[in-house]
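Worksheet: one structure, shown below.
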Amino acid sequence: MFLRNCWYVAAESREVSRQPFGRVLLNEPVVLYRREDGSPVALEDRCCHRRAPLHLGTLIGDRLRCGYHGFTFDTSGTCVAIPGQDKVAAGIGVRSYPVAERHRYVWVWFGEKEKADPTLIPDFSYNDDPAWAAVGACLHVEANYLLLVENLIDLSHVPFVHSSTIGSAEDTNPKLKTERGEGFVRVTRDAPGISTPPSMRALGFAPVVDQSKIITFKPASNIWIDIPTKDAAPVAGRNEPMQRRVMILNAITPETERSCHYFWVNARDFDLGDTERSAFFLKTVTQAFNEDKNILEAQQKNIELDPKAPTLNVNADWGGVQAVRMMDGLITAETARA
Ligand code: FES
Ligand SMILES: [Fe+2]
């Protein structure tokens, strides 16, 4: 069961073109393409005739023709032509979805169409703000999306999973601040005087840094992680301590109950035009998030062996527990209204 009245990232903008593209989202097959004017379209990717995926079809202008027997659909999903027939009965077609493009993503709304307000699109503006340099990708993860939400809110895993990439092995005892407000959960981890994570060492930081991680979750599955880092010790030849800020944006879209699409972005407010720096972050963070993927997929398999096996909550779980409770409440309320 998923929250439906909200915007989900369906694809990176660069993935959507005049070549129809299929992706399963919230258990529904969706085909994405662009009209001739460049604006995106999202339709059910399942032909109403014999359920062939429409992304295997062909665009004729703004219309999509099924690749199996040639039924043709307009951008509203209405079937407008059937080979061998002069007429198409009214009401034949596939579902269309409200769609919007913002912050280098194509967003789709799965709930009630009249509620699809583009002002509700999460603020991922770091992704296209000229004051930031952003790199990112989409990672397919064979695990329920809430396992990834928990993973990103509870960063106590970082020293264990990521000590060779983006984490410090000493970052095990941070000062934690937690907050739950209207429509958000926030966890702040302050870790002064930790050994510098490998990714930060490569930027030229001192061997010891002060680092914070400010993690904000908003439904359904959007997480912003603000990571300011600063030299904790003087460095020869450097008058001022080095300070850098990295912002990790995370949008997770369920594929099925046991898999999700993980859209991530690493944005930085320094070395903006430096393509080598961008390539470095793309490579390092990809490596790090594949470390998460390995754990999450193994965790999912264990859960499926015995979904009732007990779990245990400790201090570090507070944020993840709050986020999952918030989602439970929202889904229950939405389902009750339906
Ligand atoms: S399945 Fe699409 S036209 Fe037959
Ligand atoms: Fe991680």
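The values are calculated or read from the model by the stated rules, or taken from the named source; none is laboratory data. Here the structure is a predicted model, which means the values were calculated and not measured. We place every Cβ from the backbone using ideal geometry, glycine too, and count neighbours over all the protein chains shown. Keep in mind that these areas ignore ligands, DNA and RNA; they rest on the heavy atoms of the full protein, side chains included. Shrake-Rupley method; radii C 1.70, N 1.55, O 1.52, S 1.80 Å.
Dipole size in debye (nearest 20) for the stretch 7-120 around its Cα centre, Lys and Arg Cβ +1, Asp and Glu Cβ -1?
Values: 16 positive and 14 negative charges, 53 e Å.
The calculation lands at about 260 debye.
One-quarter of the Cα convex hull surface for the stretch 180-338, in nm²? Intermediate results must be reported in sequence, preceding the final value.
Working: hull surface 49.2 nm².
So the Cα hull casts an average projection of 12.3 nm².
What Rg and what Dmax come out for the stretch 172-220 when only alpha-carbon atoms are used, in angstroms?
Rg and Dmax of the stretch 172-220, Cα atoms, are 13.7, 39 Å.
Based on Cβ point charges of +1 for Lys and Arg and -1 for Asp and Glu, what charge dipole magnitude is obtained for the stretch 101-154 about its Cα centre, in debye rounded to the nearest 20? Mind showing how you got there, number by number?
Working: 4 positive and 10 negative charges, 31 e Å.
The dipole of the stretch 101-154 has a size of about 160 debye.
Whose amide H sits under 5 Å from the amide H of Ala137, counting only residues 5 or more places off or on another chain, with H placed in the peptide plane?
Here the answer is Trp264, since their amide H atoms fall under 5 Å of that of Ala137.
Taking each pair of distinct Cα atoms in the stretch 55-157 once, what is the resulting Kirkwood hydrodynamic radius in Å?
Hydrodynamic radius (Kirkwood, Cα pairs) of the stretch 55-157 is 17.7 Å.
Set the Förster distance to 45 Å, then compute FRET efficiency between Cys138 and Val235 from the Cβ-Cβ distance, nearest 0.05. Walk me through the numbers on the way to the answer.
On the way: r = 37 Å, r/R0 = 0.83.
E between Cys138 and Val235, to the nearest 0.05, is 0.75.
Just want the answer: with Cβ charges of +1 for Lys and Arg and -1 for Asp and Glu, which residue in Asn315, Ala251, Ser96 is farthest toward the dipole's positive end in the chain?
So the residue furthest toward the plus end is Ser96.
Could you state the number of Å between the C-alpha centres of the stretch 163-183 and the stretch 245-285?
Spelled out, the Cα-based centre of one part sits 18 Å from the other.
Mind jotting down a quarter of the surface of the convex hull over the alpha carbons of the stretch 7-120, in square nanometres, one decimal? Intermediate results must be reported in sequence, preceding the final value.
Values: hull surface 28.5 nm².
With the hull built on Cα positions only, its mean projection is 7.1 nm².
With a 10 Å radius around each residue's Cβ, average the other Cβ atoms per peptide and rank 103-110, 88-95, highest first.
Numbers: 103-110: 23.5, 88-95: 13.5.
The densest-packed peptide leads the list: 103-110, 88-95.
Dipole size in debye (nearest 20) for the chain around its Cα centre, Lys and Arg Cβ +1, Asp and Glu Cβ -1? Could you put the intermediate results ahead of the total?
Numbers: 38 positive and 43 negative charges, 97 e Å.
It works out to roughly 460 debye.
Kindly flag which residue pairs out of Lys218/Lys301; Lys115/Lys218; Lys213/Lys283; Lys175/Lys293; Lys115/Lys293; Lys115/Lys177 have an alpha-carbon separation exceeding 24 Å in this structure. Write down the numbers at each step before the final one.
Working: Lys218/Lys301 27 Å; Lys115/Lys218 18 Å; Lys213/Lys283 21 Å; Lys175/Lys293 27 Å; Lys115/Lys293 34 Å; Lys115/Lys177 34 Å.
In this structure, Lys218/Lys301; Lys175/Lys293; Lys115/Lys293; Lys115/Lys177 lie more than 24 Å apart at Cα.
What base-10 log of the normalised intensity I(q)/I(0) is obtained for the stretch 111-265 from the Debye formula, alpha carbons as equal point scatterers, at q = 0.11 Å⁻¹?
-0.50
Using alpha-carbon pairs under 8 Å, 6+ residues apart, how would you state the relative contact order of the chain in percent?
Taking the mean separation of contacting Cα pairs over the length of the chain, I get 17 percent.
Given N residues in the chain, what is Rg(Cα) / (2.2 N^0.38 Å)? Could the numbers behind the result be given before it?
Details: Rg = 22.4 Å, N = 338, 2.2 N^0.38 = 20.1 Å.
Scaled against compact globular proteins, the figure is 1.11.
Which order, highest average first, do 4-11, 36-43, 307-314 follow once you tally other Cβ atoms within 10 Å for each residue and take the mean per peptide? Kindly include the intermediate steps, with their values, before the conclusion.
Working: 4-11: 23.0, 36-43: 16.6, 307-314: 6.6.
With the highest mean Cβ count within 10 Å placed first, the list reads 4-11, 36-43, 307-314.
Taking θ as phi - 60°, what are the ³J(HN,Hα) couplings along the stretch 60-69 by the Karplus curve (6.51, -1.76, 1.60), each to the nearest whole Hz, with x for Gly and Pro?
Residue by residue, the stretch 60-69 yields 10, x, 8, 9, 10, 9, 4, x, 9, 10 Hz.
Would you please state the base-10 log of I(q)/I(0) at q = 0.30 1/Å for the stretch 81-124, with intensities from the Debye formula using one equal scatterer on every alpha carbon?
-1.13
So how do Met1, Met200 rank on accessible area, 1.4 Å probe, biggest first, that is with the largest at the start? Don't skip to the end; give the middle numbers.
Numbers: Met1 135, Met200 15 Å².
Descending accessible area places them as Met1, Met200.
Can you give the net charge of the other residues whose Cβ lies under 15 Å from the Cβ of Val314, counting K and R as +1 and D and E as -1?
On the way: positive: Arg189; negative: Glu150, Asp154, Asp317.
That sum, taken over residues with Cβ under 15 Å, equals -2.
Helix 275-305 versus the longest principal axis of the chain: what is the Cα-based angle in degrees, 0 to 90, to the nearest 10?
Between the helix axis and the principal axis of the chain, the angle is about 70 degrees.
Counting DSSP beta bridges in the chain, what percent are antiparallel, to the nearest 5? Kindly include the intermediate steps, with their values, before the conclusion.
Details: 80 of 80 bridges.
Percent antiparallel among DSSP bridges in the chain is about 100.
Starting from the Cα coordinates of the stretch 259-300, work out the convex hull volume and express it per residue in Å³.
Considering the Cα atoms of the stretch 259-300, their hull volume per residue is 67 Å³.
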